[in-house]
Amino acid sequence: MNMPILHIPAARRWLTSGAAALMLMGAAPAALAQRAGDIEVTQAQALPSIPGARNGGGFLTIVNHGKVDDKIVAAASPVCGHVELHTMSMENNIMRMREVDDIPVPAGKTLRMQPGSGYHLMFMDLKEPLKLGATVPVTVKFAGGGQLQLQLKVEPRDKIAGSAAMPGKEMSGKGMAGGMH
Ligand SMILES: [Cu+2]
């Protein structure tokens, strides 16, 4: 009856002006990829939040085309109270997440964040649930001075780039050879 409905007018304005800019430029819709200097984000995705959960996860694929190591040092989004940089790992058979100061993007390498292990963005204190098909505006800052305004698409777990293979579905070298469409 009395569910609070939170509006985020700032985010809406941003989305609207972003869409208008794309139309003006006649940009191809493929443009989730974004680049700042040597840093290129080629995938920007989030998982739908679990009903009732206050937090959600975001996943980026980032290519560092340069010769200098870089790292994510901060992220922010209007959909939540604040964004933390997290890593997830198995400790004594329990999945644990902890906050880190930065997420490294080594020179010449591709960082592929994926659900289930390693680095991710954590949306803390969500103002609204993250729903499939929605987009989450996120600003990401790099130590090298780059800053990117990204739109993370909320997608099912098996659509997140580089998702950890499910147990029993692990790809072997042999499977890779003939298994692609
Ligand atoms: Cu986390």
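Coordinate-derived values only; no laboratory data. Computed from a predicted model, the values in this text were never measured in an experiment. FYI the Cβ positions are ideal-geometry reconstructions off the backbone, even for glycines, and counts take in every protein chain you see.
Computed over the alpha-carbon pairs of the range 43-110, the distance histogram in 10 Å steps reads 16, 44, 32, 8, 0 percent, short to long. Among all the aspartates and glutamates, which ones have a C-alpha under 20 Å from Lys153's C-alpha, if same-chain residues fewer than 8 places away are not counted? Answer for Lys153, where 20 Å is the Cα cut-off: Glu40, Glu84, Asp125, Glu128, listed by chain and number. The label point for Asp101 and the one for Ala161, both projected 7 Å from the Cα toward the Cβ, are 2.7 nm apart.
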